[in-house]
1. Output ³J(HN,Hα) for the range 146-154: one whole-Hz value per residue in order, computed from phi by the Karplus curve 6.51 cos²θ - 1.76 cosθ + 1.60 with θ = phi - 60°, and x for Gly and Pro.
2. For the pair Lys180/Met161, report the inter-label distance in nm, with labels modelled 7 Å from Cα in the Cβ direction.
3. Please compute, over every Cα-Cα pair in the chain, the percentage with a separation greater than 29 angstrom.
4. If DNA, RNA and ligands are ignored and the probe is 1.4 Å, what is the ranking of Met161, Met27 by accessible area, most exposed first?
5. Considering only protein heavy atoms and a 1.4 Å probe, what is the carbon-and-sulfur percentage of the accessible area of the chain?
6. Taking a quarter of the surface of the Cα convex hull of the range 108-242, what do you get in nm²?
7. Consider just the alpha-carbon atoms of the range 104-182 and return their Rg together with their Dmax, both in angstrom.
8. Given a 1.4 angstrom probe, what's the average accessible area per residue across the chain, in square angstrom?
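The values are calculated or read from the model by the stated rules, or taken from the named source; none is laboratory data. Nothing here was measured: the structure is a model prediction, and the numbers come from that model. All Cβ positions, glycine included, derive from the backbone under ideal geometry; neighbour counts span all protein chains shown. For the accessible areas, the whole protein counts, side chains as well, though only heavy atoms, and no ligand, DNA or RNA atoms are used. Shrake-Rupley method; radii C 1.70, N 1.55, O 1.52, S 1.80 Å.
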Amino acid sequence: MKKPLILLGLCAAGNAFAADEVKPFTMDGEFGYIATTGNTETTSVKGKLSAHQELTQWSNDYTLEALYKKDEVGDSPVDETTAQKYFLSAQGNYKLENPDHRLFGFASYEDDRFSSYNYQATLAAGWSQKMWEDDTSKFSYSIGPGYSFAETTDGVEQNGMIVRAALDYNWKISDTATFKQLLSTEVGSDNTKSKSETSVSAQISGGLSLKLSFLMDHNSDVEGDTDKLDTQTAVTLVYSFF
């Protein structure tokens, strides 16, 4: 399975979710930048776009993330890229007679230059349910079978069936502060890939917020001295476009 085919499948999945009359649409843009000079020189850039779309029969979510880091390394310091990661995903939830009960379709693609994989991609479908939503909090989950596509840095393809499960919890702490917890896992025979994002955001003014987040990416099967767990702590600015 080659990259262009995987990306084509992801785009097709996203387009299929938008075949109904558009209702409210929201999109947030997130950006963080850190640069240090002097004894140590580093540059870190983090960006993310998140969109949510409510249609008559569909509830859709789209995500695009990017991370880049450059450090000064060595006894005779030279600038080297030490982190470069891209991730995109789309999930469509088809509402049944009870709109809190849904059937979902999910697609994702990840390219992490410093992991054990040239790429990792997932297609999954199954059951999704909004457990509750009130003035202060909401919680939903999804679970179902799928298929993963991956290629290690040695060029070995790891394709196979998986079971994907995800949780999404939001708590409105106050009128200006929100806590979010996202958790997903994809269990397969070759590898179990899990991802967690815990964040707290506080509104600064209008659509602008400050966000503190802690991310964990875990792969059960890695090569050589590569760590199974990657973590990332970030402080970013978030702007709500819609």
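1. x, 9, 10, 10, 8, 9, 6, 5, 8
2. It works out to 3.4 nm between the two label points.
3. The calculated P(r) of the chain puts 33 percent of pairs beyond 29 Å.
4. Ranked from most to least accessible, the order is Met161, Met27.
5. Ligands and nucleic acids excluded, carbon and sulfur reach 58 percent.
6. It is 9.3 nm².
7. Looking at the range 104-182, its Cα Rg and Dmax stand at 16.7, 50 Å.
8. Averaged over the residues of the chain, the accessible area is 55 Å².
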